[in-house]
1. I need every pair where a residue in region 184-209 that is within 30 Å of Asp29 (Cα to Cα) has its Cβ under 7 Å from the Cβ of a residue that is part of a loop (DSSP other than H, G, I, E, B), sequence separation at least 6 or different chains.
2. Mind checking whether some residue in region 17-37 is over 15 Å from the mean Cα position of the chain (by Cα) and in a loop (DSSP other than H, G, I, E, B)?
3. Mind counting the residues in region 7-16 that are exposed (fewer than 15 other Cβ atoms within 10 Å of the Cβ) and either in a strand (DSSP E or B) or not aliphatic (A, V, I, L, M) (or both)?
4. From the residues in region 160-188 that are of a type in the set (S, T, N, Q) and not in a helix (DSSP H, G or I), which one is surrounded by the most Cβ atoms within 10 Å (Cβ to Cβ)?
5. Filtering region 125-159 down to residues that are in contact with a helix residue (DSSP H, G or I) (Cβ under 7 Å, 6 or more places away or on another chain), in a loop (DSSP other than H, G, I, E, B) and of a type in the set (Asp, Glu), which residue is surrounded by the fewest Cβ atoms within 10 Å (Cβ to Cβ)?
6. Given the criteria outside any helix (DSSP H, G or I) and free of Cβ contacts under 8 Å to residues at least 60 places away in the same chain, does Ile73 qualify?
7. Filter region 41-72 down to the residues that are surrounded by fewer than 22 Cβ atoms within 10 Å (Cβ to Cβ), under 15 Å from the mean Cα position of the chain (by Cα), more than 16 Å from Ile106 (Cβ to Cβ) and of a type outside the set (S, T, N, Q) and list them by number.
8. Any chance you could count how many residues in region 79-103 are under 19 Å from Thr158 (Cβ atoms) and surrounded by fewer than 18 Cβ atoms within 10 Å (Cβ to Cβ)?
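Here, each number is a calculation from the coordinates, and none is a lab measurement. As the structure is a prediction and not an experimental result, all values here were calculated from the model. Note that each Cβ is placed from the backbone with ideal geometry, even for glycine, and that neighbours are counted across all protein chains shown.
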Amino acid sequence: MFDQALLAVARERLELEAEAIRAVADVFDDETTAIVAELLRCPGKLFVTGSGTSGCVARRMAHLFSVSGTPAIFLQPSDGLHGAMGALRAGDVLIAISKGGSSAEINDLARRVQERGVVVVALTSAPTAELARLADHVQCFDVPDEVDPGNVIAMGSTLMHAAWGDCLAVTLMRIRGYSWSDVVFTHPLGAVGKRDQLPAEMAALSPPA
């Protein structure tokens with residue numbers, strides 16, 4: 001027998017998180033276009049960083065950018081502050097994810113790589129916090145009430161960041177003309193690489209003017 005009270009709680013949580021993902025549409029603005037342009041002209045690589053749950057999302061985002069034709073690397077912020085930031089060079093781009101924008105390790109890393117000519121993109125819900133103030137580009141997420149339980153556990157807010165990354169990854173894939181055969185080539189050990197037929201290519205998209 002179904003526990004209706006239990007299922008009601010689960011469905012309520014799902015609706016809250018679905019609302020959060022729908023709210024990502026309101027994040028897209030001229031800054032989004034500028035970030036796409038920045039990534040298209042980037043002569044180096046894209047790095048993505050975050051701590052805690054944001055770090056899990058950052059790792060996922062870097063992977064999916066790479067899968068879809070935009071080379072990207074996840075950088076654990078504490079590793080960055082113990083020498084790994086040496087991998088970043090002028091012209092690279094760093095996407096830093098921090099809901100509160102006040103994580104000391106994220107801000108220190110962003111500030112230091114920016115001094116080396118790296119473009120910093122902040123994903124945050126705090127437009128006046130330090131991360132947003134120092135970043136070259138900011139995407140500010142207005143997180144719906146209770147989408148993060150108690151405004152403490154980063155559930156819905158990190159889903160919003162993940163959805164934003166998915167949207168940019170597909171946009172860049174279409175602009176670059178990165179094909180399904182390119183995707184399949186990088187998946188030789190998975191079921192994707194064993195497909196007999198490929199999907200129809202996505203419609204081409206012009207780069208921002």
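1. Once the first residue is within 30 Å of Asp29 (Cα to Cα) and sits in region 184-209, its partners that are part of a loop (DSSP other than H, G, I, E, B) give Glu201/Ser179; Ala204/Gly177.
2. Yes, region 17-37 contains a residue that is over 15 Å from the mean Cα position of the chain (by Cα) and in a loop (DSSP other than H, G, I, E, B).
3. The total comes to 3.
4. Top of the filtered list is Ser179.
5. Asp142
6. Spelling it out, Ile73 is indeed outside any helix (DSSP H, G or I) and free of Cβ contacts under 8 Å to residues at least 60 places away in the same chain.
7. Scanning region 41-72 gives Lys45, Arg60, His63, Leu64, Val67, Gly69, Pro71.
8. Adding up the residues that qualify gives 2.
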